[in-house]
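For reference, the structure discussed in these notes is given below.
Every number in this text was worked out from the coordinates using simple rules, so none of it is lab data. Note that the structure is predicted; figures quoted are calculated from it, not measured. Here the Cβ is made from the backbone with ideal geometry for all residues, glycine too, and neighbour counts use every protein chain on show.
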Amino acid sequence: MVFGKVKQWLGIEGIKMKIELSEELTLKSGEITGSIRFSTMNTQQILAINLKIYERYTRGRRKGKQTSEYLMGETDLEHSFMVYPDEDKIVNFSLPFKIIKSEMDKMQERGGLRGSLASLAKKTRGVKSDYFIVAEAKVAGTRLNPFDKQEIIWGK
């Protein structure tokens, strides 16, 4: 009995969550949509869900490589619900975000000679952006909240 309460408090055998993103995601849309699938071995109550989207911006090569992460958007889903064993619960979401553009990105978008030079400079400096979304659920009676992280693959 005590062992079961400790497992619940630590989130062991508790809520499992999985982010499922929409098929057609575009960076220019300014919004990412999808759902979160919850499952559990024991009945649990979700109190809230926090969603964040990040850009991981990498530049440089080898020893000179630098990485920065930028928060592009965040939202809280504040509705409470129960998740029961053997019954998945799906919550849909829409997360607006703002694209952060460097001066080089702006030059590249304008095109022409400056755009070509900006593209070349980004390639030679090893500039790359990756995007990911993180979801964390607040669960009643647990100390360690479940979370999931999903890389975002943008469509055209």
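Coupling constants for segment 129-142 follow from the phi torsions by the Karplus curve (6.51 cos²θ - 1.76 cosθ + 1.60, θ = phi - 60°), and in residue order they are 10, 10, 10, 8, 10, 10, 10, 10, 10, 8, 10, 4, x, 10 Hz; glycine and proline get x.
Anything over 23 Å Cα to Cα? Flag those among 18/63; 101/128; 16/52, in the order listed.
Among 18/63; 101/128; 16/52, the Cα-Cα distance tops 23 Å for 18/63.
Would you tally the net charge around residue 53, using a Cβ to Cβ cut-off of less than 12 Å, leaving residue 53 out, and scoring K and R as +1, D and E as -1?
For residues surrounding residue 53, the net value is -2.
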